Ligand SMILES: Nc1ncnc2c1ncn2[C@@H]1O[C@H](COP(=O)(O)OP(=O)(O)OP(=O)(O)O)[C@@H](O)[C@H]1O
Ligand SMILES: Nc1ncnc2c1ncn2[C@@H]1O[C@H](COP(=O)(O)OP(=O)(O)OP(=O)(O)O)[C@@H](O)[C@H]1O
Ligand SMILES: CC(C)C[C@H](N)C(=O)O
Ligand SMILES: [Mg+2]
Ligand SMILES: [Mg+2]
C-alpha cells in the first residue's frame, strides 16, 4: 500500500437476497480524485456506507492509511471512530441540522478535535472559550472560501438545495482529512454552480493535499474532475480507468451512459 | 400567632368566624372532595341560618390542592397566614395532611376533623401544642380499624385464617398493618394470607383465585370506594364464597349499588360486612342530615358517605364553638373546650379528646349487606373497640 | 388551445421572506412547459402553491378556468393536478407497491389501476423487482423513480415534476425525458422544473425563467435554446 | 456610573440577566416580610423554581438530544427519599445528602440508560415510565425506609453544619441552584457538547460520521437530566419537608414535559415561563378568577384548555410570543415613523 | 391445571379490553403521529354518557353501549375539529401534551356533568359456563367475541381497503399524501372518532366488573400503551396480541409469583423484550439507509 490511501478488497454485502455489493475491489492513490459511477441501485452509496462502517460488510477488507501514516482495516470499527482516522464523508440525502446556523453546522465537523471537559464547558472556562473561538474561526475561513460567509449566521432550514450541498462539503473540510468521500455533490446544482464546484474540489485537493472519492451521475462533472473512475453495476466491478477509458468502455455505455445518439 | 386567654384570635369578628380547608375538589379525587366539602358547608349553612353561634356566622373558605403536597402547603399557609382563618375544618387527604401536619403544630391553629385515617394522626398523649394538642382527628384510624376487623371476623365466623385483599394505597396498607398486628397478638393459631391489588385495578381475578385456593376462612377487602365493587364482583366471578369484611369507608349506599346486581344473582351467596362509625339507625339525625343537604341544594348527596363525613366535620367544629360560648374566642380556649368532655358523633358513637387523646373514634357498629344486595343492615350496634376486643380474648 | 393552468400575479411568503413576488404563468393544454431558474429562485415554491400546500399572499391560480387558489391539496389532486415533489419524498416506511397505490388514490376503476401499474413498471422495471421493498431502503435514484412513477399512477391531467432527473443515471435521465414526451402524447399537460436546462428545453414547448421570485424571461423553448447569452445569464454555463 | 453598570450588564449577557433574575427572585421574602405580597406566594414561587430546575434537565434531554423520558417523577422522588433518609434518619450533613442524593439517582439513571438508551423514541419513553413506576413501587413497599404511604419528613437544610436555614433561607437556596443550573445549561448547550447533541437529534448519520459517539452523548444527557431531577427532588424535600409515593406519578412527568413544550423547547427562559404556566397559573390566577375560581374543578378544566390553546397558537413555545410582541411593537413604531416622515 | 385454564380465561376477558383500547391508541398514532394519553379519559367520559342514558331511559345495555359509542364518535370528531386538526404545525411531543390538556378537560367535566358517584353499568348477559373445572361468564364470552369481531373488521379495513391505505399514507407523510389526493383531514378525523368508539366499548366491557368512575380507565390506558410498545407501533395485530399477552402474564405473575411485585416484574420483562427487539415483538426492523 505504498502510495495508496484506500484499498477496498473483495467487499460484499447483501440485504435479504439482494447482493448490493458483490466482491468489489478498488484502490485510491494518495492525492487522487477518484470517481465511482454506476446505474441507480448499483451499490455506490452502499460502498460508501461500508467504508464509513454505517453498514457492516458481509465480507472483505477496507484498508486505510490513517492520519498517522499507519494502515488500518476499517472493517469492524465504530462509525464514529472513522472520522478520527482522517476519513470524512457527505451524504446523498443531505444530513444537516436545520435548527443550527450554517456556521454551527460546520463547527460540528471538528467535533473530535474539541478537547474541553464537561465541567469546563458547564462553566465556560478558558479552555472552552479558546477552543470555541479557534474552531469558529476555522469554520468561517472555510465558509469564506466557498463564498458562503454572508449566510453564516442564518439557519440551515430554508436554504436552497444547492447551498445545502455546499455546506455539507464545508463541514467535511474542518479536520484536514486525508480522504473525503462525496455522495453526489453536484446533484441539484445547475450548470454554472456545478462548474464552480469542480473548481472548489480541485482547490481543496491541492491545498489540503488529500484524496477524494466521489459518486456522481453528472458525467461532465466526473470527467472534468476525476483522475480515475470506477464503474460498477449490480454491485460488481465493470471497469476501472481514466475518464477516457471509461467513456469508451462499451459495457459502461450499455449499462450506464447509453449510446451517444443525440 | 400566639394568643392568651382573653385576646381574641385571628379570623374572629363580632359577627363572623372564618374557617377553611384545602381539599382535592378536581381531578380524580373530586368524587370524594366535592361531596365532603358540600357536607361541611351544608352543616354551616344550617347553623348560620339558625343565627350562628354566639352571634357569629361561620364563613368557610376552601382551596383545591389537587392532592398535591406542595399545593397543600401553599394553601394551608394561605389559610393560616393570609386569610387568617380561625381554624382548619376537614383537612383532607393523606398527602395534604402529611405535608402540613408540622405546619399546623408549629402555628398551633386548631384543626378539627381530618379526612383520612392515616396513622400519623394517632396520638395518645398530645399534651402540648407542638405535640399536636390542637389537632382533632375524628374518623377512625385505619390501623385501629384493621384490628377491629380481625375481632369481628373471629366473633362472627370463628376465623383462623384471614385472607386480605388490600389496595396498594394508604387505606389498604394501614388496614393490613392493623390486621397483621392483631393476628400476631392472637398467636400461632391465626394466620394471614395477603394479596395486593392496585387501586382502580381492572382485573382482580388472580387475587380472588388465590383466596379460593388457600381456602381462607374470611376475606377482608381492605380497600376504599371504587376498588371494592371490583373485588366483590371478582370474588363472585371466581366462585369464592367466604364471608367478606370491609372498611367503614365503604359503608354507604352508592358503593353497594355497584355490585348489587351481581350479588343478588350470585350462585353462592356470602355475607358482606362492614364497620360503620356512623350508624344510620338514628333516624332523627339522619333526617337532619338529609334535610341539611337538601337545603344546601345538594339533595343528590343525601346518601353520600363523604357528605356525611363533611357534615360530621362541620358538626365537630360547631360543637367546639358552642363549648366556648360566652368566653373569648381564641385558640387556647377553643382547644380546651374540645378536650372538656366526650363528643357524641351525629349518627354515630363517641370520641373523647380528654388529656391529649387523639385517636379518632374507636367505636363502631357492624353492618351487613342485605340478601338482595340493596342496603346495609345493622348486625351489631356501636361499641367501643376495647369492648369488642375483650370479648374475643 | 385551452389554457390548462393560469397563474396571475401570484405572491407567496415564508414568514417574512417573500419567495414569490408576483408571477404570471400560463400553461396551455397538452404543452410541456419548463420552469427554470437558479437555486432559490422560487420554482419549488411555485409548484407547491399550485398543489395547494402553501397559501398565497395574493394572486390566483386557475385550472381550466376554475379558480383553485384556495382549494385544499386533496381537492386539487382529485381535479387531476399531481406532483412529483422535490427531493424524493416517498412514503418512507411503506413498500414500493403501497407507494404506487397511494399515487392511484384518485383512480376508482380497477382495470385502469392495473393498466397504470403496468405502465409504470414498464417505465421503471426496477420498481417491479422491488415492489415489496420498504421505500426508505431504496437507492437514491430508485426513490426518485418511485416518486415519478407514483405521480403517473393517478393519470394526471396536469403533471408537476420538480427536478425529476435529480440523482438519476444518465441513461435513466434520457429515459425520463422520453417518458415525459410520451405521456404528453397521451394528453397529459406537464409543468417541469429542472436544473438540466438544455435537455429540458429540448422537449419543452415553452419556458419561464424565474429570478428571485419573479419571472425574469419567458418564451418558446426554441427561442430560449438559441438565445445563448440569456442562457448564460440565467442558467449559467453553456454547452 | 449608571451607564457603566448598563454596559457591564449588556456585555455580560446572558449571565447578567440570570444574575438579575436571581436578585429579583431573592427579593420575594423581603416583600413577604413587608406584607406587600401574600405569605403563601413564596411557596408557589418556590415550587415553580424547583420544577424549573427539573424541567431544564428534561429540556436538555428532549430539546437537544431528542429523547423523551417519562421517568422524571421517579428520579425526582428518589432524590426526595434519599435526602430525607440521609439527613433525617442518619443525621448526616445536608451537603453530603445533596451530593449522594444527586449522585445515586444519576448512577441508577446511567445504569438504566446503559440498557434502555439503545432503544428510541416512544420505546424509550415507555421504558423510562416503567422504571419510574418500579421506583414508585419501591417507595411504597420499602416502608422501613420510606415510611410507605404515610410519607416521609425532613427539615429545612442546615448548611455547613451550623447555618440552620428557615423557610426564606431555603427559598434563597433554591434560587441559587436555579441560577446555577441556568448558567450551566446555557454554557453547555452553547458549547460543542450542545452542538453535538443537536446534531445527534437532527441526524444520527451526520453525528456518527462527524465522530460523535451517539450512545455516549445520549447517556450524558440522560445523566444530566436525571441529576437535575434529583436535585429538584432534594430541594423539594427540604422545602416542602414531606414526600409521598403518589406525588411521583406519571402525571407529574407529563406535567414537566408540558412545561417544556409550553414554554419552548431548547429555551431556558421558556422553560421557566412554562413552569409558571403549568405550576403557577392554575393556583395564582385561575383559581382566583371570579366564576372559574368558585366552581369546583373549573380551574382544572381551564388549565387543560390553556395548555391546548398555548400549544395551538405557539407550537414552538410561548417564549416565541416575544417575537410577536416585538413585531407588533416595531409595527407601531414604524407607523409612528411614517407619520413623522 | 384448572387454575391455569381459569387464569387463561380470566385473562382473555381483560386482554380484550386492553386490546380494544390499544387499537384506538395505535390508530391515532398512525394518523396523527402522537400517543393519545387522553384515550382513557375520553372513553371514561363516553361510558358515563352511556350509563346515564341507560339509567334515565332504561334501554338495554347493548343499546346503551351503541349510544355510548355513537357519542364517542361525535366526541372524536369534535376533538379533531376543535383541536387536532388545528395542530398541524405542532410536533408529536407537543401533541402528546395537547392530549394531556384533553385529559384535564374530560376529567374535569365528568364530575360536573355526571356527578361524583361511581355508577353501575350492567352486564350484557348474565350467567356463566363451566368446563374442565373452570368457569367463564357468558358476558366474558360475549366480550371476547364482539371484541375479536370488531378487531377483525378493523384489520380488514386497514389492510385491504383504500381507507386503510390512506391511514398509513397520512401517517407516513401527511403533506405528500394530500398532494396525492388523500383527504388527510378526514382520515384523521375518522381515526379519532373510531378510536374514541373503540375505547368506549372497552370501557363499557370493563364497567360491569368494576364500575363507571373517573379513574376506571387509568390502568387500561397504561396497559394499552405498554401493549402498543410490546407489539410494536408498526403493526395493528401486534398490539392486540401483546394486549392479551400482558393480561395473561400479569395474572400469572400475580398468582404464581407475587401480587405485590407482579407489575414491576412485568415491566422488567417488557423492558427486556424491547431491549432485544427494540421495535416490539412484531415490529419489522428496517436498516436505516443514508
Ligand atoms: N438497507 C437496505 N435494505 C435493503 N436494500 C437496500 C438497503 N440499502 C440499499 N439497498 C439496495 O441496494 C441497492 C444498492 O443501493 P445503493 O444505495 O448503494 O445504490 P446507488 O448505487 O447509490 O444508487 P443511486 O445512484 O440511485 O443512489 C439498491 O437496489 C437498494 O435498493
Ligand atoms: N420552508 C421555508 N422557509 C423559509 N424560506 C424558504 C422555505 N422554503 C423555501 N424558502 C426560500 O424561498 C426561496 C425560494 O425557494 P424554492 O425552494 O422555491 O427555490 P427553488 O427555485 O426551487 O430552488 P432549488 O433550485 O434550489 O430547488 C428561497 O430563497 C428559499 O430560501
Ligand atoms: C380520599 C381521602 C379523603 C382519603 C384517603 N384515604 C387518603 O388518601 O387520604
Ligand atoms: Mg446512491
Ligand atoms: Mg426547488
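Here are some notes:
- Each peptide in B:81-88, A:144-151, B:305-312 was scored by the mean count of other Cβ atoms within 10 Å over its residues; highest first, the order is B:305-312, B:81-88, A:144-151.
- Whether region B:299-364 is rounded, prolate or oblate, judged on the alpha carbon gyration tensor where a/c under 1.5 counts as rounded: oblate
- Distance between the C-alpha centres of region C:89-105 and region A:19-94: 31 Å, rounded to the whole angstrom.
- Across all C-alpha atoms in chain B, the radius of gyration and Dmax reach 20.9, 67 Å.
- Part-to-part distance (alpha-carbon centres) for region D:91-119 and region B:33-87, which is given in Å: 42
- For region B:241-393: span of alpha carbons on each principal axis (Å, largest first): 63, 47, 21
- Summary of the geometry: region B:311-327 and region B:108-164, compared by the centres of their Cα atoms, lie 22 Å apart.
- C-alpha long axis of helix B:30-49 to longest principal axis of chain B, angle in °: 40
- Kirkwood hydrodynamic radius over Cα pairs of region D:98-189, then Stokes diffusion coefficient at 20 °C and 1.002 mPa s, in µm²/s: 130
- Expected 222 nm ellipticity per residue - DSSP helices of 4 or more, -39500 (n - 2.57), all of chain E, to 500: -24000 deg cm²/dmol
- Chain E - Rg and Dmax from Cα coordinates, angstrom: 19.0, 62
- Across all Cα pairs in region A:4-255, the calculated P(r) in 5 Å bins from zero up to the longest distance comes to 1, 6, 13, 16, 19, 17, 12, 8, 4, 2, 1, 0, 0 percent per bin.
- For chain C, the longest principal axis of the alpha carbon atoms and the long axis of helix C:140-152 meet at an angle near 90°.
- Gyration tensor verdict on region D:18-249 (Cα atoms; rounded if a/c is under 1.5, prolate if a/b is larger than b/c, oblate otherwise): oblate
- Take every pair of alpha-carbon atoms less than 8 Å apart whose residues are at least six positions apart; their mean separation over the length of chain C yields a relative contact order of 27 percent.
- 0 to 90° range, to nearest 10: angle between helix A:161-172 axis and chain A longest Cα axis: 70
- Take the Cα of residue A:209, step 7 Å toward its Cβ, do the same at residue E:141, and the gap between the two points is 8.7 nm.
- Put in line by how crowded their Cβ is, counting other Cβ atoms within 10 Å and starting with the fewest, C:150, C:48 read C:48, C:150.
- For peptides D:51-57, D:318-324, sequence by mean Cβ density within 10 Å, most packed first: D:51-57, D:318-324
- Förster radius 51 Å - calculated FRET efficiency between residue B:269 and residue B:16, Cβ distance, rounded to 0.05: 0.40
- Per residue, the convex hull volume that the Cα atoms of region D:130-247 enclose (Å³): 142
- Just checking the listed ones, A:234, A:123, A:48: in the Gaussian network model of chain A with Cα springs under 10 Å, the one fluctuating most is A:123.
- Region D:29-120 shape via C-alpha gyration tensor axes, a/c threshold 1.5: oblate
- The calculated FRET efficiency for residue B:8 paired with residue B:50, based on their beta-carbon distance and R0 = 22 Å, is about 0.45.
- Per the Cα gyration tensor, the protein assembly as shown maps to an equivalent ellipsoid with semi-axes of 66, 36, 31 Å, ordered largest to smallest.
- When only alpha carbons of region D:219-341 are considered, Rg and Dmax amount to 18.8, 66 Å.
- Here the Gaussian network model covers chain D, with springs between Cα atoms less than 10 Å apart; of D:315, D:157, D:245, D:315 fluctuates the most.
- Note on B:223-234: average number of Cβ atoms from other chains within 10 Å of each residue's Cβ is 3.
- Intensity falloff of chain C expressed as log10 I(q)/I(0), Debye formula with alpha-carbon point scatterers, at q = 0.16 Å⁻¹: -1.16
- Sites residue B:106 and residue D:249 - FRET efficiency at Förster radius 30 Å, r taken between beta-carbons, to 0.05: 0.55
Read-outs throughout are calculated quantities, based only on the coordinates presented, and are distinct from any laboratory measurement. As the structure is a prediction and not an experimental result, all values here were calculated from the model. Don't worry about glycine lacking a Cβ; one is built from the backbone with ideal geometry, like all the others, and counts go over all protein chains shown.
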